[in-house]
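See structure below.
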Amino acid sequence: MNKKGFIFDLDGVIVDTAKYHFLAWKELAKSIDIDFTHEQNEQLKGVSRVKSLEKILAWGNKTISETQFKALMLKKNEEYLSYIAKMDDKEILPDVPKILNYLIQKEQPISLGSASKNARPILEKVNLLSKFNAIVDGNDVSNAKPDPEVFLIAAKHLNIKLENCIVFEDSVAGVQAANTANMISIGIGKKEVLHEADYIFSDFTEIENSFIQELINR
C-alpha cells in the first residue's frame, strides 16, 4: 500500500481558534492603546506569538521594553488559554473527523504541523489527540512559517519523503512553507487568498474521500 504523510495545521484547519486569538490580541492591543482589526488578525495567521506582537507594535507605531514585551506575550497567552479551556469537540470544523478517520482506515500516517504552543491541550479538549501519529508544534521549532521547519520535522517523524507529504493549511505563510518543502499544499479557505496552493477548498465538506484516495495513489 502507498504511504503518504498527511500534515494538518491546527488553527483554522482542524478547529477555529482564530476567533480566540483575535479576541486575545484585541484585548492586548487595547491595553496599549492600539486599534486591532479583523484584517490585521488575518495577517497573523500561521505567525508566531513573538512575530505577531512585533507586527501589532509596528502597526501602532509603539516601542516597548523587552520586559514589557515578555509580559504582554504572557498576558496574551493567558487570555487565549482562558478561551480554549472551554473548548470541546463541538469546536471541530465540519468534516475534519471524516477525513482523519478515512486516513486512519487507509493506514496513512498523520501529523500535526502547527505554530501553536497550545496544540496538544487543544487536541485533547476536542478529543482528537489519539488520531495523530506525530505532533509538531511551536514548542518544537525555532523558525515560524513560511519557513518549512515545522513540516520538515513532521515528515521526519512520519518517516515519509518530503515529496510524498500533503499539507492542509489555511494561511498564506503555511502554504508557502509547504511549497518550499516540496510538499503538496492544500489550502483551506478563500481562493483569492490561498492561490499559491496546489489545491484549494473552502472547507473539508468539499473534500471527498475519492480525492484523498487519489492523493494516496499518486
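The values are calculated or read from the model by the stated rules, or taken from the named source; none is laboratory data. Only a predicted model underlies this, so the values are computations on that prediction, with no experimental measurement involved. Positions of Cβ are backbone-derived with ideal geometry, glycine not excepted, and every protein chain shown enters the neighbour counts. For accessibility, only protein heavy atoms count, side chains too; no ligands or nucleic acids. Shrake-Rupley method; radii C 1.70, N 1.55, O 1.52, S 1.80 Å.
Per-residue ellipticity at 222 nm, computed for the chain from helices alone with -39500 (n - 2.57) per DSSP H run of at least four residues, works out to -13000 deg cm²/dmol. With the biggest extent put first, the Cα atoms of segment 1-114 measure 56, 27, 25 Å across the principal axes. Estimated at the nearest 10 Å², the accessible area of H157 is 120 Å² with a 1.4 Å probe.
You can think of it this way: the chain between E107 and Y83 has 5.2 nm of extra reach, that is 0.36 nm per residue less the Cα-Cα gap. Note that segment 72-144 shows a convex hull volume over its alpha carbon atoms of 98 Å³ per residue.
Which order do the peptides 166-173, 70-77 take when ranked by the mean count of other beta-carbon atoms within 10 Å per residue, highest first?
166-173, 70-77
With viscosity 0.692 mPa s and temperature 37 °C, the Kirkwood radius over alpha carbon pairs of segment 90-214 converts through Stokes-Einstein to a diffusion coefficient of 223 µm²/s. With N the number of residues in the chain, Rg(Cα) / (2.2 N^0.38 Å) evaluates to 1.01.
Separation of segment 175-218 from segment 1-58 is 20 Å, based on Cα centroids. When Rg and Dmax are taken over the Cα atoms of segment 57-105, they come to 18.4, 52 Å.
Listed peptides 124-136, 199-211 appear in the order 124-136, 199-211 once ranked by packing, highest mean of other Cβ atoms within 10 Å at the front.
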